[in-house]
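Working notes for the structure below.
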Amino acid sequence: MAKKTTTHSLDYTNLSKENEQTFVNLFSKIKPDITLEEAIEAHKVLFSDYTKPVIEEDDIRNYFNKL
């Protein structure tokens with residue numbers, strides 16, 4: 001029997017101001033001048049790997065270093 005994978009999708013449109021700030025705050029320690037658009041894109045990329053349960057600071061730093 002094939003392993004069933006669970007995915008979730010997050011609607012990045014119509015975020016509340018609080019949620020927008022949460023996205024920015026999540027990455028601002030690594031990239032202080034991050035825009036909301038950059039934060040959303042980073043979130044999409046970093047959290048799309050469901051095999052990794054926790055995203056570490058090094059993962060975020062590596063992502064931005066590759067840009």
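The values are calculated or read from the model by the stated rules, or taken from the named source; none is laboratory data. Computed from a predicted model, the values in this text were never measured in an experiment. Cβ: placed from backbone, ideal geometry, glycine included. Neighbour counts: every protein chain shown. Protein only, heavy atoms only, side chains kept; ligands, DNA and RNA dropped before computing areas. Shrake-Rupley method; radii C 1.70, N 1.55, O 1.52, S 1.80 Å.
Values computed for the structure shown
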{"item": "Residues (part of a helix (DSSP H, G or I) and at pLDDT below 90) located in the stretch 41-56", "result": "His43, Lys44, Val45, Leu46"}
{"item": "Residues satisfying the stated conditions in the stretch 23-39, i.e. modelled with pLDDT of 90 or more and assigned to a helix (DSSP H, G or I)", "result": "Val24, Asn25, Phe27, Ser28, Leu36, Glu37, Glu38, Ala39"}
{"item": "Selection status of Lys44, among the basic types (Lys, Arg) and over 10 Å from the mean Cα position of the chain (by Cα)", "result": "no"}
{"item": "Residues within the stretch 48-67 that are without any contact (Cβ under 8 Å) to a residue 12 or more places away in the chain and surrounded by 11 or more Cβ atoms within 10 Å (Cβ to Cβ), tallied", "result": "3"}
{"item": "First in the stretch 11-40 and more than 20 Å from Lys66 (Cα to Cα), second anywhere and open to solvent by less than 90 Å² (accessible area, probe 1.4 Å) and among the aromatic types (Phe, Trp, Tyr), Cβ under 9 Å, 6 or more apart", "result": "Tyr12/Phe23; Leu15/Phe23"}
